[in-house]
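Peer 1: Attaching a single structure in structure tokens format; questions to follow.
Read-outs throughout are calculated quantities, based only on the coordinates presented, and are distinct from any laboratory measurement. These numbers were taken from a predicted model, which means no experiment stands behind them. We place every Cβ from the backbone using ideal geometry, glycine too, and count neighbours over all the protein chains shown.
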Amino acid sequence: MGVLTEKRRVSVVVPTRNRPDTLRQALVSIRALEADDLTFEILVGDNGDDPRTPAVCAEFGATRLPVKLNGAAAARNAGLMAATGEFIAFLDDDDMWMANHVRPHLAVFDSRPDIEAVMARVMAVDEHLREIDGPWPWTVCAEGDESVRTMLSGYYPQIGATIVRAEVRDAVGAFDVALLGDQDWDWQLRVARRRKTAYIADPCVLFRQRPPGTFDALRLRRLGFARRVFLRHAIPERRVWPNLRAIAHSYRDVLWHYYEYFVEAASARAGKREPGVWRAIWGAWRTFPIRATYHLIAPKPLRKAMLTSLLPRRRAPLASA
């Protein structure tokens, strides 16, 4: 990796909505990377109403941009359009940059003037920042057509690990505010389809995960947007697949984590005799109707969850007098 000798200015877009505590952690992680060779312009797009948020932004010298529209896309767009740095980076308000972020990205930009965007891996952590799994994705994405195909086959780049040259904003435009889910995947696909994206192997973001089985409604709402984004980009990029069957496999891979979420939620709730089993089964059916129907008939975990939920619950024994 080359040595950066001049002071670089990177704009960092941070969308937030009523999470001042995690926002503070995110901003701490950004400012921690500053030194004589690197400075940040932090732009917080805020479409929340928590009165503590302005003070958190002021504490870290961040520019707060009030946003009237709901959704992360509108909040990101406010920062994206206001950015004045040579490069534009991103960080969600509940995630954190790691100490090795940014500089390796800039080194790639310096060594490869043709590259417009650099993406990297992330480290999944729980709400207490404890590591859940190893670096994700498990392998480094290739470039060119392979990059586009991988991103349309279940790889959702975490936007906190992406940095772009400022001119990319003019080339691909803003985030789509009509997408209340997967707008970051859509925007990064637009970037990747220009075939000027590179990848870094080292994880550079602590990516917070919600507790399993705690966000059914959010998953169901995003399911339709995932389908829309896939078709939006897969149809014009169909040449990157050898045949229609390969496209169908990629579509399955894109939605698989939705299906897996609902099956695991149904199984866990049934095992603990908790409510919400049928809601999770419905989510699995909404994702893959034919597969879910088969899994409700065959000896599969989804069928076991359904049958367990139909059994009467055991009553707690009465206390003796």
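Peer 1: Which whole-Hz couplings ³J(HN,Hα) result when phi for each residue of segment 107-121 is put into the Karplus expression 6.51 cos²θ - 1.76 cosθ + 1.60, θ = phi - 60°, listed in order with x for Gly and Pro?
Peer 2: Result, rounded to whole Hz: 5, 5, 4, 5, 7, 9, x, 7, 6, 9, 8, 10, 10, 8, 8.
Peer 1: Something else now. Classify segment 76-142 as rounded, prolate or oblate from the Cα gyration tensor: take a ≥ b ≥ c as the square roots of its eigenvalues, call it rounded if a/c is under 1.5, otherwise prolate when a/b beats b/c and oblate if not.
Peer 2: oblate
Peer 1: About its Cα centre, how strong a charge dipole does segment 8-208 have in debye, to the nearest 20, once Lys and Arg get +1 and Asp and Glu get -1 at the Cβ?
Peer 2: For segment 8-208, the charge dipole is close to 320 debye.
Peer 1: Let me ask something additional. Determine the dipole magnitude for segment 184-321: charges of +1 sit on the beta-carbon of Lys and Arg, -1 on that of Asp and Glu, nothing else is charged, the reference point is the Cα centre, and the result goes in debye to the nearest 20.
Peer 2: Dipole size: approximately 300 debye.
Peer 1: From the helices alone, meaning DSSP H stretches of at least four residues, give me the mean residue ellipticity at 222 nm for the chain, per-run term -39500 (n - 2.57), in deg cm²/dmol to the nearest 500.
Peer 2: -13500 deg cm²/dmol
Peer 1: A follow-up question, please. How are the C-alpha pair distances of segment 1-118 spread across 5 Å bins, as whole percents from the shortest bin up?
Peer 2: 2, 12, 22, 24, 18, 11, 7, 3, 1
Peer 1: Check each of the trypsin sites (Lys or Arg not before Pro) in segment 129-200 and keep only those in coil by DSSP with at most 11 other C-beta atoms within 10 angstrom; list them in order.
Peer 2: 130
Peer 1: Among 185, 39, 62, whose Cα projects farthest towards the positive end of the dipole of the chain, with charges put on the beta-carbon of Lys, Arg (+1) and Asp, Glu (-1)?
Peer 2: 185
Peer 1: Quick one: which residues, 5 or more positions from residue 86 or on another chain, have an amide H under 5 Å from its amide H? H modelled 1.01 Å from N in the peptide plane, none for Pro or chain starts.
Peer 2: For residue 86, whose amide H was placed from the backbone, the distant partners under 5 Å are 9, 11.
Peer 1: Which of the three applies to segment 119-238, rounded, prolate or oblate, going by the alpha-carbon gyration tensor with a ≥ b ≥ c and a/c under 1.5 meaning rounded?
Peer 2: Cα axes put segment 119-238 in the oblate bin.
Peer 1: Can you list the HN-Hα couplings for segment 148-157, worked out from phi with the Karplus curve (6.51, -1.76, 1.60; θ = phi - 60°), rounded to whole Hz and with x for Gly and Pro?
Peer 2: Once rounded to whole Hz, the list reads 5, 5, 5, 5, 9, 9, x, 9, 9, x.
Peer 1: Next question, about the same structure. Expressed as an acute angle from 0 to 90° and rounded to the nearest 10, what is the orientation of the C-alpha long axis of helix 244-271 relative to the principal long axis of the chain?
Peer 2: The answer is roughly 60 degrees.
Peer 1: Please give the length that would be gained between residue 243 and residue 28 if that part of the chain were fully extended, namely 0.36 nm times their separation in residues minus their C-alpha to C-alpha distance (nm, one decimal).
Peer 2: 72.6 nm
Peer 1: Another question, then. Go ahead and set up a Gaussian network model of the chain, Cα springs under 10 Å, then flag whichever of 23, 38, 91 fluctuates most.
Peer 2: Largest GNM mean-square fluctuation: 38.
Peer 1: Then there is this: Provide Rg over Rh for segment 181-228; use the alpha carbon set for both Rg and the Kirkwood Rh (inverse mean inverse pair distance).
Peer 2: Rg/Rh: 1.06.
Peer 1: Okay, moving on. Taking amide hydrogens as modeled 1.01 Å from N in the peptide plane, which residues meet the under 5 Å criterion relative to residue 38, leaving out close sequence neighbours?
Peer 2: Amide H neighbours of residue 38: 8.
Peer 1: Given 251, 109, 75, which one lies farthest toward the positive end of the charge dipole of the chain, if we put +1 on the Cβ of every Lys and Arg and -1 on the Cβ of every Asp and Glu?
Peer 2: 251
Peer 1: Over the chain, with a Gaussian network built from C-alpha contacts below 10 Å, which listed residue (93, 37, 184) shows the highest mean-square fluctuation?
Peer 2: For the chain, modelled as a Gaussian network with Cα springs under 10 Å, the answer is 37.
Peer 1: Name the most mobile residue of 289, 203, 104, meaning the one with the largest mean-square fluctuation, in a Gaussian network model of the chain with Cα contacts below 10 Å.
Peer 2: So, out of 289, 203, 104, the one fluctuating most is 289.
Peer 1: A further question on this structure: Based on the Cβ-Cβ distance from residue 294 to residue 129, what FRET efficiency comes out when R0 is 30 Å, to the nearest 0.05?
Peer 2: Calculated value: 0.15.
Peer 1: Compute the helix-to-body angle for 20-31: its Cα long axis versus the longest principal axis of the chain, expressed 0 to 90° and rounded to tens.
Peer 2: Once rounded, the angle reads 40 degrees.
Peer 1: While we're here: Amide H to amide H under 5 Å from residue 125: which residues, 5+ apart in sequence or cross-chain, H placed 1.01 Å off N in plane?
Peer 2: 132, 207, 208, 209
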